[in-house]
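The values are calculated or read from the model by the stated rules, or taken from the named source; none is laboratory data. All values derive from a computational prediction rather than experimental measurement. We place every Cβ from the backbone using ideal geometry, glycine too, and count neighbours over all the protein chains shown.
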Amino acid sequence: MAGFRHGAALFDVENPDDFEVTFRGHSRARNADDDWSDLYLGTWNATGVFVVIVPIDVDLSAGWEALPNPLPPNRPGAPAGGELVDWWPQQVLVPPALRRGFCCVSTVCFVAPEHEYDADTFLTQFVSKSDFQAACSSTPPLRSWWNPHQIISIAMHFVRNSESFVLKVALKDAADVTQSCEFNLAREGLDYSMPYRPVIYFGKKAHVRVEDSYKGAAM
C-alpha cells in the first residue's frame, strides 16, 4: 500500500485480544524493494512512519498536532550530539490519536548530507500516549534506539488476557539484524477495557507491505 504524508490506515483483526501485524518497507525510491528508502526524502529529521496500537474509535482524519521534540541521548552509532542538535527540529508533528495509544516511530536522521540518501543514523522510538520526553529517558526499558542501519520492518504482537496486557515489538534492520522488546501496556497507562487495533500513520510519503504475522528475536 502507498501512504501520503499525514495519511493513515487502520486494520481490523480476527481476534482483538491476540493479534500480530508486520509493516515492511516497500520503497519506490532508488529502484529499491524491501526497505523504506522513501523516508530519506522530504524534510530532514522529520518522523517517517508511526506504527501504533490505538482504540478502534480513533478519528484517522483528525489534524496532526505539534509537540515538543527533545533530542534523545546519543547511543553507539549516533552522530555527535553537538552536530545533530543543530539540525534537530524543536517540534514533532503527530496524530492526536497517539495520546490514547502506544507507538513505534521510525526516523531517518541527517546532519549535513551531501545528497538526499546520505543519512547519518536512524532513530526508533517507543512512545506511550504522545510522551516524547519519556521516550528520551535512559531508564529501562530503553525507548530511543539509534541504529547505523535503517529499520526495514516493524512487527507487533498484541496480547490481552487474565494474566497479560502486553505489546511485543520486533525491529529488523537493513543488515538483517532483528531486535525485540516487550512493553506492559497497563504500566504504560493504556485502558485494558478498550478495543485496540493496529494503525500506521505516515509522517512522509512511503510504501509498505502489511502482513498478519510476527517474528521476534531475543535482544
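The figures follow:
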| quantity | calculated |
| --- | --- |
| Count of the range 142-165 residues which are buried (at least 18 other Cβ atoms within 10 Å of the Cβ) and over 13 Å from the mean Cα position of the chain (by Cα) | 5 |
| Residue in the range 172-209 that is farthest from residue 130 (Cα to Cα), counting only those that are in a strand (DSSP E or B) and hydroxyl-bearing (Ser, Thr, Tyr) | 178 |
| Residue under evaluation residue 139, criteria (1) β-branched (Val, Ile, Thr); (2) surrounded by 19 or more Cβ atoms within 10 Å (Cβ to Cβ); (3) modelled with pLDDT under 85, criterion not met | (2) |
| Candidates 166, 159, 127, 177 - the one that is hydrophobic (A, V, I, L, M, F, W, C) and under 16 Å from residue 24 (Cβ atoms) | 177 |
| Only one of 162, 213, 153 that is of a type in the set (S, T, N, Q) and either touching a Cys at 6+ places or on another chain (Cβ under 8 Å) or in a strand (DSSP E or B) (or both) | 153 |
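Yes/no per residue for (1) modelled with pLDDT of 90 or more; (2) closer than 30 Å to residue 192 by Cβ; (3) in a loop (DSSP other than H, G, I, E, B); (4) not hydroxyl-bearing (Ser, Thr, Tyr):
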residue: 5; (1), (2), (3), (4): no, no, yes, yes
residue: 12; (1), (2), (3), (4): yes, yes, yes, yes
residue: 30; (1), (2), (3), (4): no, no, no, yes
residue: 33; (1), (2), (3), (4): no, no, yes, yes
residue: 54; (1), (2), (3), (4): yes, yes, no, yes
residue: 57; (1), (2), (3), (4): yes, yes, yes, yes
residue: 62; (1), (2), (3), (4): yes, yes, yes, yes
residue: 82; (1), (2), (3), (4): no, no, no, yes
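Okay, residues lined up against (1) basic (Lys, Arg); (2) touching a Lys or Arg at 6+ places or on another chain (Cβ under 8 Å):
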residue: 155; (1), (2): no, yes
residue: 165; (1), (2): no, no
residue: 168; (1), (2): yes, no
residue: 189; (1), (2): no, yes
residue: 199; (1), (2): no, no
residue: 202; (1), (2): no, yes
residue: 205; (1), (2): yes, yes
residue: 208; (1), (2): no, yes
residue: 214; (1), (2): no, yes
